Amino acid sequence: TGKALQADRMSREYAIIYKAKQRKQIKFQGVQHYADRNIKLRDFFSTGATLPTAARISSLKSLKQEILRRESDISDALAADLGKSAFESYMTEIGIAVTEINYAIKHLPRWVKPRRRRTPITLFPGRSRILYEPPGVALIM
C-alpha cells in the first residue's frame, strides 16, 4: 500500500506540474512598468474617487468576483508552489479572503462613519470629529 500511495502522489504531482505548464505564465514586466503603474494609481487616488463608501464597496465586490472567477487558477498555483490540495487552498487562502471581503463589505459603512470627539474648551464653539479616509495606494506582488 505504501508504494501505491507514493505512485498516486507522484501522478497527482505530475498532473499539477503539467497543468501549471499549460497555464499562461505571467511575464516579468520590469521595474519601470510597476513604477508607471504606481504613478497612475496615485493620480487616480488623488482625484478622490476612492473616498465615497459606495466606491469602496464596489471595489471590494469586484475583488471578490475576481478571486472567485480565478479560484481554480489560485488553487493550481498553491498546489504547484506549496503542495496544497484544492480543499486546503480554499480553506486556508481563498475562503478566508472571501470571508474577510464579505465582512468588510458588511461593516464598511459603520467603519467610515464620522465619530464625534470632545472639543477642547479653547476651541469653543467649534466641534470635533474624526473622519476616516482610505490610506492610499499599496503595491501587492
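The values are calculated or read from the model by the stated rules, or taken from the named source; none is laboratory data. Here the structure is a predicted model, which is why all the values come from computation and not from measurement. FYI the Cβ positions are ideal-geometry reconstructions off the backbone, even for glycines, and counts take in every protein chain you see. To get the accessible areas, we keep the full protein, side chains included, count just its heavy atoms, and leave off ligands, DNA and RNA. Shrake-Rupley method; radii C 1.70, N 1.55, O 1.52, S 1.80 Å.
Restricting to the stretch 89-122, what's the tally of residues that are without any contact (Cβ under 8 Å) to a residue 40 or more places away in the chain, touching a helix residue (DSSP H, G or I) at 6+ places or on another chain (Cβ under 8 Å) and not aromatic (Phe, Trp, Tyr)? Summing the residues that are without any contact (Cβ under 8 Å) to a residue 40 or more places away in the chain, touching a helix residue (DSSP H, G or I) at 6+ places or on another chain (Cβ under 8 Å) and not aromatic (Phe, Trp, Tyr) in the stretch 89-122 gives 6. One residue stands out in the stretch 48-84 among those that are touching a helix residue (DSSP H, G or I) at 6+ places or on another chain (Cβ under 7 Å) and small (Gly, Ala, Ser): the one that is nearest to Leu131 (Cα to Cα), namely Ala49.
In this structure, does Gln25 turn out to be modelled with pLDDT under 75, in contact with a helix residue (DSSP H, G or I) (Cβ under 9 Å, 6 or more places away or on another chain) and either open to solvent by 70 Å² or more (accessible area, probe 1.4 Å) or part of a loop (DSSP other than H, G, I, E, B) (or both)? It is false that Gln25 is modelled with pLDDT under 75, in contact with a helix residue (DSSP H, G or I) (Cβ under 9 Å, 6 or more places away or on another chain) and either open to solvent by 70 Å² or more (accessible area, probe 1.4 Å) or part of a loop (DSSP other than H, G, I, E, B) (or both).
Of the residues making up the stretch 74-94, those that are in a helix (DSSP H, G or I), surrounded by fewer than 14 Cβ atoms within 10 Å (Cβ to Cβ) and not aromatic (Phe, Trp, Tyr) number 4. Cβ-Cβ contacts under 6 Å between residues 6 or more apart (or on different chains), taken from a first residue in the stretch 123-141 that is more than 26 Å from Val31 (Cβ to Cβ) and modelled with pLDDT of 85 or more to a second residue that is hydrophobic (A, V, I, L, M, F, W, C) and outside any loop (DSSP other than H, G, I, E, B), are listed as Tyr132/Val112. Considering only residues in the stretch 112-141 that are over 14 Å from Pro52 (Cβ atoms) and part of a helix (DSSP H, G or I), the one that is most open to solvent (accessible area, probe 1.4 Å) turns out to be Ile121.
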